[in-house]
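Here is the structure we will look at, set down as structure tokens.
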Amino acid sequence: NVPEDQADKLLLASWDLPKAVLEKYHSLGVVQMFEWQAECLMLGQVLEGKNLVYSAPTSAGKTLVAELLILKRVLETRKKALLILPFVSVAKEKKYYLQ
């Protein structure tokens, strides 16, 4: 569980994302994360590029964790990222969404 003193980490606004990114998430109704999503982002040195393996049921919110990790890493390091998706339809959706 997310410690009480870090409950603000559930809010997307507390992750130092650009205003345009926050506005996009907010327009889609995503203002905060589930506790398990914030826990994933706070584990060890995940935000510094270390590996993360996590599992959750379909439609549980795994993609949000991956997107936030990628966005933060790309914005902070100014390097490119490779996002591999399982289906063409999902890839097209994410391409549109991330543009």
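Specify the angular offset, from 0 to 90 degrees and rounded to the nearest 10, of the alpha carbon long axis of helix 88-98 from the longest principal axis of the alpha carbons in the chain. For 88-98 against the chain, the angle is about 60 degrees. Each Cα pair under 8 Å and six or more residues apart adds its sequence gap; the mean of these over the residue count of the chain is a relative contact order of 21 percent. The label-point distance for residue 16 and residue 47, in a model that sets each label 7 Å from Cα toward Cβ, rounds to 0.6 nm.
Based on the alpha-carbon gyration tensor of segment 1-44 and its eigenvalue square roots a ≥ b ≥ c, which shape applies: rounded if a/c is under 1.5, prolate if not and a/b is larger than b/c, or oblate? The shape class here is prolate. Let me know the shape class of segment 55-99, please: from the alpha-carbon gyration tensor, a ≥ b ≥ c as square roots of the eigenvalues, rounded when a/c is under 1.5, otherwise prolate if a/b is greater than b/c, or oblate. Since a/c reaches 1.5 but b/c is at least a/b, the shape of segment 55-99 is classed as oblate. Does the chain come out rounded, prolate or oblate by the C-alpha gyration tensor, with a ≥ b ≥ c the root eigenvalues, rounded set by a/c under 1.5 and, if not, prolate when a/b is larger than b/c and oblate if not? It comes out rounded by the Cα gyration axes. Among the listed pairs 9/80; 62/92; 24/50; 19/72, those whose Cα-Cα separation exceeds 22 Å are 9/80; 24/50. Accessible area of residue 87 (1.4 Å probe, protein heavy atoms only, ligands and nucleic acids ignored): about 130 Å².
Relative to the Cα centre, the charge distribution of segment 36-99, modelled as +1 at Lys and Arg Cβ and -1 at Asp and Glu Cβ, gives a dipole magnitude of about 300 debye. Expressed as a whole percent, the accessible surface of the chain that belongs to carbon and sulfur atoms is 56, based on a 1.4 Å probe. Charged neighbours of residue 93, selected by a Cβ distance under 14 Å, balance to +3 (K, R count +1; D, E count -1).
Projecting each Cα onto the charge dipole of segment 4-98 (Lys/Arg +1, Asp/Glu -1 at the beta carbon, about the Cα centre), which of 84, 57, 15 comes out farthest on the positive side? Final value for the positive-end residue is 84.
The values are calculated or read from the model by the stated rules, or taken from the named source; none is laboratory data. Computed from a predicted structure; not experimentally measured. Quick reminder, even Gly has a Cβ in these numbers, built from the backbone with ideal geometry, and neighbours come from all protein chains shown. Keep in mind that these areas ignore ligands, DNA and RNA; they rest on the heavy atoms of the full protein, side chains included. Shrake-Rupley method; radii C 1.70, N 1.55, O 1.52, S 1.80 Å.
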